[in-house]
Each structure stands twice: as C-alpha cells, then as structure tokens.
Amino acid sequence: MKDRLEQYFQFRELQTNWRTEILAGATTFVTMAYIIFVNPAILHETGMPLTAVVAATCVCAALGSLMMGIVARYPIALAPGMGLNAYFTYTVVKGMGVPWETALGAVFLSGIAFLILTAVGLRQMIVASIPVELYAAVAVGIGLFIALIGLHNSGIITASKETLVTMGNLRSPNTLLAIFGLMLISSLLAWDIRGAILIGILGTTAAGIAFGLVRFQPQSYSFADITATAFHLNIRGALSYGLVEIVFVFLFVDLFDNIGTLVAVGKKAKLFDEANRIPRMNKILYCDAMATVIGSLAGTSTVTSYVESAAGVAAGGRSGVTAIVTGILFLIALFVAPLVGAIPAAATAPALIVVGSMMIVHATEIPWGNPVIAIPAFLTIVTIPLTFSIANGLAFGFTAYTILKIARGEFRSVHWLVYVLTGLFIARFLYLGS
C-alpha cells in the first residue's frame, strides 16, 4: 500500500519522502492558519454569524486542499482568498447594500462559471497564452507581495501619509518578537536545517508565550454553528441584472489570482515541464472551481489557491501529500479552532518575509536587456505588491507586453487570446478609473 501511494504521488520522480511532505504540509498550514480567524472577522461585518464562518472557512479550506492533493497531486493549499473576502464585505455587501445571502449566490455563480470555462478549455488556454517571459516576473512580484505582507504584519514597516510606508516601532515587543523569528528562521536556513520555517514559527510562538506576548481568549464554538450560513445563499437574487458585474469581478480576480499563485508556486516547486507547462493543469483548475462552489454552499467568499503554499514548497513539499496534510490539519482545526489562535502574527510574518526572499531568484530568468520584455516584467513585479493585487500585476504586464509587441511590429507573434485579455484588462482599468 505504501509503495502504491509513493508511486501515485511520484515520490521518486520528485525526490521527496513522507517526512518531508508531512513537514511541508504542516508548514503551509501554520503559515496560512491566520485565515481561520481573519476571514470570519472580515465576513462577520456583513452580519454573517462569526462562528459559522469559522466552521465554513475550515471546511472549504480542508476539502479544497484535500481535492488538490488527491486529485491534482500538487502541493497547493486552498482557502477563502484575502482581497476577495474584502471585496465581498466592503464593496458588495456594505458598499452596494447587497444581502450576504445574495453575495454568496454570486460567489456560487462565479464558481459554476469557472467549471464551465475549465470544461471548454478556456481557462487552460488563458494559462497557456501567458507570455513565458512574464512567468518569472509574476513569481518575483508575488515574492515581494508576500514579503510586504510579512513586513507589515511584523510591524517592521507601517503606513505613512507622507511617504506611503515608513519604519515601524522597532521597540514594540511584538515587532521585536517578529525580528527574533526572522533571525531564527534565517539562521536555521543558513545551517541548512530541515523544517527551518516550521521550527522557526513554533520557536517564535514559544518565545512569545514565555514573554507573555501571546494572548488568546477561546470562545464557545461548535461545528454545528455552520448551519447558520450553510445553504443560505440566494442564487435567484444573484441572477438579477445588477449583480452580473459582481459575478464577473469574482470570476476575473479569482482567475488571475489563481494563475499568478500557480505560476509562483510552480516555479518554486519546479513543476513546469520542458515546454514550460504544468502537467495535469485541468485537474488543478477543476479543484479550484469546485472549492469555490463548496465555499459558497458552506458560507464563505471565493476560495482560491493560496500563495502561502510557497512556504510549504520552500520546506521541501513537492507532491499532493503536502496539500493533503494541510487539509487534514484544517479538519482538525474545525474542532480546536480556538487553539490555533495561539500562533501570533509575529511568528508567521517572518516566514512570509523569508519565503518572499527565496522567490526573488527568478528575476535572473528575465532578459533585462530587452525592453519589450523587461518593461512589462518590471511593471508586473512592482504593481503586484504596490496595488496589493496579483490580478493588477498581471493586468499591467499583459497590457504593456501587448502594446510593446505591436509597437515593435511583432503583433503576429502575440497569441490571439492575449489580445482579448488585454482588451478586457484595458476595459477594467477604464471602469475602475471612472
């Protein structure tokens, strides 16, 4: 049985083993466990019951990650997407006055649309049409994005009206704890210690407990609470004319966030084949679409592939077992969710900074001497972190690439679908700017 499983998950080809995969899955879970509390905190502002969303978050993250691991066999974990949950809450529900049940209906419809686009092969064509030169740029941009999140969560940098960002209060106990964690993880990596990231996260948490910096208050919680949101979506209301745009935004942002994450994690895990394609792409996309449908039925916003999966990949994860372990831990978290809150942001932030630094290596793959490639790549890299959106980075890169190709008279070498997507990106920019 063990041999069959190792063969199914291609342990020999991927040069991995059970210990490494389990450690990587745990690393991914610990790095993204914040979503168990952050997602409910955001969606609760719509009026959705807090504990119900906690349960829904764990369920869809568990099932999505398990599907990705078992069916697609990739080390990519899924959970409700940050950014998309904010759009759901602040733009759709609070901004437009749409009931959260109807907004869930829009998420469901976007998931069904994903399944249809995948079934007809359009999503695969979109992935294949992305200029090869932009793959590395997306990976670098997401590396900076991850590092920015880590630096902000740690308190090392903070917002500033005068300079946009500035140095935070480095004397703050939590920031000092995060700096300790950063040094600990970096030192372990320098000594080539297996599981350095996970050890660093747990070690930093232990230090926080020792110095009284880790405080959490367990709330009354039961899995049965999920009934307050499960199957409460209003699909008929979401089909109304005014919500077509909302469905499209959920679809559009999730599509390109998913592609960007796939490229970043794929680069880090060396999943691309000789033709720069990812095997079993169909299965990856189906799992992502199904996870969104399940999420809407359970009671949460759009579910997508998580860029924090790169932390597990950095810890050595290469097969679907990594995602399966992450999914199992999310299932366990269903019943011990309050305990997961003991892991502070000061412990996970250093891991994000380190993972971001590891992804910068892909900048060497970009031919910086060629402006037709270098300028779109640069715009992709800087706009992902500066606009806090993978989708925006892809949009800038796509648009600049197409325009420069036309300017050079090389328009015939551009895939027709790139022109279509560029047109959609430009329309999106015009709409957002109006």
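Observations, loosely collected:
- Options Ile332, Ile360, Ile328, Ile366; residue that is more than 19 Å from the chain's Cα centre (by Cα), surrounded by fewer than 24 Cβ atoms within 10 Å (Cβ to Cβ) and in contact (Cβ under 8 Å) with a residue 24 or more places away in the chain: Ile366
- The lone exception for Val263 - which of (1) surrounded by fewer than 24 Cβ atoms within 10 Å (Cβ to Cβ); (2) modelled with pLDDT under 85 it fails: (1)
- Residue check, Ile343 of a type in the set (Val, Ile, Thr) and modelled with pLDDT of 85 or more: no
- Close contacts from the range 71-85, counting a first residue that is more than 19 Å from Ile324 (Cα to Cα) and a second that is modelled with pLDDT of 95 or more and among the polar types (S, T, N, Q), with Cβ to Cβ under 8 Å and a gap of 6+ residues or different chains, come to Asn85/Thr300.
- Boolean, Leu176 is at pLDDT 85 or above, touching a Leu at 6+ places or on another chain (Cβ under 8 Å) and not in a helix (DSSP H, G or I): no
- Those residues of the range 158-200 which are buried (at least 16 other Cβ atoms within 10 Å of the Cβ) and among the aromatic types (Phe, Trp, Tyr), in sequence order: Phe180
- Residues within the range 156-170 that are outside any strand (DSSP E or B) and either among the hydroxyl-bearing types (Ser, Thr, Tyr) or touching a Leu at 6+ places or on another chain (Cβ under 8 Å) (or both), tallied: 3
- Being among the hydrophobic types (A, V, I, L, M, F, W, C), crowded, with 22+ Cβ neighbours inside 10 Å, out of contact with any Cys (no Cβ under 6 Å at 6 or more places or on another chain) and not assigned by TED's automatic domain parsing to the domain that holds Leu424 is a property that Ile353 has.
- Residue in the range 67-84 that is among the hydrophobic types (A, V, I, L, M, F, W, C), under 23 Å from Ile149 (Cβ atoms), assigned to a helix (DSSP H, G or I) and touching a helix residue (DSSP H, G or I) at 6+ places or on another chain (Cβ under 9 Å) present: yes
- Residue in the range 324-338 that is at pLDDT 90 or above and either in contact with a Ser or Thr (Cβ under 6 Å, 6 or more places away or on another chain) or at positive phi (or both) present: yes
- Failed criterion for Gly95 (all others in (1) small (Gly, Ala, Ser); (2) within 20 Å of Ala391 (Cα to Cα); (3) surrounded by fewer than 23 Cβ atoms within 10 Å (Cβ to Cβ) hold): (2)
- Look at (1) closer than 21 Å to Val140 by Cβ; (2) part of a helix (DSSP H, G or I); (3) free of Cβ contacts under 8 Å to residues at least 24 places away in the same chain and you find that Leu352 fails only one, number (3).
- Wholly within the range 370-434, helices (runs of 4 or more DSSP H) carrying at least 1 residues that are crowded, with 20+ Cβ neighbours inside 10 Å and free of Cβ contacts under 8 Å to residues at least 24 places away in the same chain: 371-386, 390-407
- Residue in the range 56-64 that is in contact with a strand residue (DSSP E or B) (Cβ under 6 Å, 6 or more places away or on another chain) and among the small types (Gly, Ala, Ser) present: yes
- Single match in Glu45, Glu13 (criterion: surrounded by fewer than 20 Cβ atoms within 10 Å (Cβ to Cβ), in contact (Cβ under 8 Å) with a residue 12 or more places away in the chain and farther than 18 Å from Ala77 by Cα): Glu45
- Taken across the range 134-151, residues that are at pLDDT 85 or above and either among the polar types (S, T, N, Q) or in the same structural domain as Thr402 (by TED's automatic domain parsing) (or both) do not occur at all.
- The single condition among (1) at pLDDT 85 or above; (2) closer than 24 Å to Ile42 by Cβ; (3) surrounded by fewer than 20 Cβ atoms within 10 Å (Cβ to Cβ) that Gly83 does not satisfy is (1).
- Of all residues making up the range 100-157, the number that are touching a Pro at 6+ places or on another chain (Cβ under 8 Å), surrounded by fewer than 21 Cβ atoms within 10 Å (Cβ to Cβ) and under 22 Å from Val414 (Cβ atoms): 2
- Selected residue (criterion: modelled with the lowest pLDDT) from residues of the range 271-310 that are crowded, with 20+ Cβ neighbours inside 10 Å and among the acidic types (Asp, Glu): Glu308
Quick grid of which residues meet (1) under 27 Å from the mean Cα position of the chain (by Cα); (2) modelled with pLDDT of 90 or more; (3) in a helix (DSSP H, G or I):
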{"site": "Ile199", "(1), (2), (3)": "yes, no, yes"}
{"site": "Phe216", "(1), (2), (3)": "yes, no, no"}
{"site": "Ala230", "(1), (2), (3)": "yes, yes, no"}
{"site": "Val244", "(1), (2), (3)": "yes, no, yes"}
{"site": "Phe252", "(1), (2), (3)": "yes, no, yes"}
{"site": "Asp257", "(1), (2), (3)": "yes, no, yes"}
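The values are calculated or read from the model by the stated rules, or taken from the named source; none is laboratory data. This structure is a prediction, so every number in the text was calculated from the model and none was measured. FYI the Cβ positions are ideal-geometry reconstructions off the backbone, even for glycines, and counts take in every protein chain you see.
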